[in-house]
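Data block below; observations after.
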Amino acid sequence: MRIHRSLALSVLPMAALLVAAGYTPAPIAAPANFTQGIITTKVSLPGNPYDKLLSKIDPAQGNVQAQMQQLMSSLTPAEQQQFQVEAAKLSPAMTIGAMMLPRKGTIYYRGQEARATTDGLTYHLENYFNHAKSTGLLLLAAQASPERVAYTYDAASVKKSWQSIVVTEVDYTVKPTTETALVAGYPSQKTSYTLKPGAAPSEPGPGEMSQKPVALDVWTSAQIPQLLNFAHPVYVKQQQGITKLVVYFDKEHKQRMVYEFASVQPKAVTPQDLEIKANTPILDYAKDEMQIGMKSLAIMLGGGGPQRPSPADSGE
């Protein structure tokens, strides 16, 4: 049976027709370099049973325990049983990490200055960094009490004051890849990091987690300033701005943390956007490390009285 030519053409995919006609789609233009504006970030723990529940809790609403109980009671008996089964498989470190992890953050950036803010279940944290001066100011305030601590630091102590995971080429094999992804509208390229044999301090015991992640995937963008890497929870030496991090804590890559840009909004940033209102004596990390450490631990563990700092006090 002869098929009419017009009928045959009508069933061809449109893309094939365009290619046959010599049409080439225009490449997607890369966004302009980000020079100032507001970035929102998000953190998740894929596969962790606490992840979905804790992401629904708003520390600003107060009474985190009541919110958690309400969320648990909203689950069906089958969902509660499944939650308990999955939670029992977690290492204690991943359970604590899920409770302490700040889920969302905001970065205000202009020129050589940036202020990052985030909230955990028990604390509010702000970190201002001036790249030109290589100095910063960090505020940690309790969610459920007036307790707070603020201190200045220099660039050498950034990792101690903010970034809890440090990744260097001494401990990790670095492998640049050709894999790319669009993160918050910015083309980003992946670099993989794998922990070298013997680099971990010791073999973790049952239910424990290694002090060093076994691997990481890091996405960077040429349009994002490298300066903003100070705001991430992981220290990784990269020449471009990091837009996404995937941290693997076990060899099976089942226990992992994902940090990524949720949105990037180029806009004018004011001096007020970069200001931290400490409302407490400002310490010096170089001189008061022990005092700062004790206060910070008490705040993050939820210590303190009944009153939460107001948004005005915290600079938000």
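The values are calculated or read from the model by the stated rules, or taken from the named source; none is laboratory data. Keep in mind that this is a model prediction, so the values were computed, not measured. Every residue, glycine as well, gets a Cβ built from its backbone with ideal geometry; the counts of neighbours run over all protein chains shown.
Can you confirm whether L54 is in contact (Cβ under 8 Å) with a residue 40 or more places away in the chain and not in a helix (DSSP H, G or I)? When the stated conditions are applied, L54 does not pass them.
Look at segment 211-232: where a residue is without any contact (Cβ under 8 Å) to a residue 12 or more places away in the chain and under 14 Å from I165 (Cβ atoms) and a partner is outside any strand (DSSP E or B) and of a type in the set (A, V, I, L, M), sitting 6+ places away or on another chain with Cβ atoms under 9 Å, you get Q211/A200. Among the residues making up segment 73-85, those that are assigned to a helix (DSSP H, G or I) and modelled with pLDDT of 80 or more are S73, P77, A78, E79, Q80, Q81, Q82, Q84, V85. Within segment 304-312, not a single residue is modelled with pLDDT of 90 or more and not in a loop (DSSP other than H, G, I, E, B). Of the strands (runs of 3 or more DSSP E) contained entirely in segment 100-162, those carrying at least 2 residues that are among the charged types (D, E, K, R), more than 22 Å from Y50 (Cβ to Cβ) and at pLDDT 90 or above fall at 113-119.
Can you name the residue in segment 64-119 that is among the charged types (D, E, K, R) and surrounded by 19 or more Cβ atoms within 10 Å (Cβ to Cβ) and, of all such residues, is nearest to the chain's Cα centre (by Cα)?
R103
Scan segment 203-222 and tell me whether some residue there is within 23 Å of the chain's Cα centre (by Cα), under 27 Å from T106 (Cβ atoms), modelled with pLDDT under 95 and crowded, with 19+ Cβ neighbours inside 10 Å. Yes, some residue in segment 203-222 is within 23 Å of the chain's Cα centre (by Cα), under 27 Å from T106 (Cβ atoms), modelled with pLDDT under 95 and crowded, with 19+ Cβ neighbours inside 10 Å. Residues in segment 258-274: is at least one in contact with a strand residue (DSSP E or B) (Cβ under 6 Å, 6 or more places away or on another chain), farther than 30 Å from K295 by Cα and in a loop (DSSP other than H, G, I, E, B)? Yes: segment 258-274 contains one or more residues that are in contact with a strand residue (DSSP E or B) (Cβ under 6 Å, 6 or more places away or on another chain), farther than 30 Å from K295 by Cα and in a loop (DSSP other than H, G, I, E, B).
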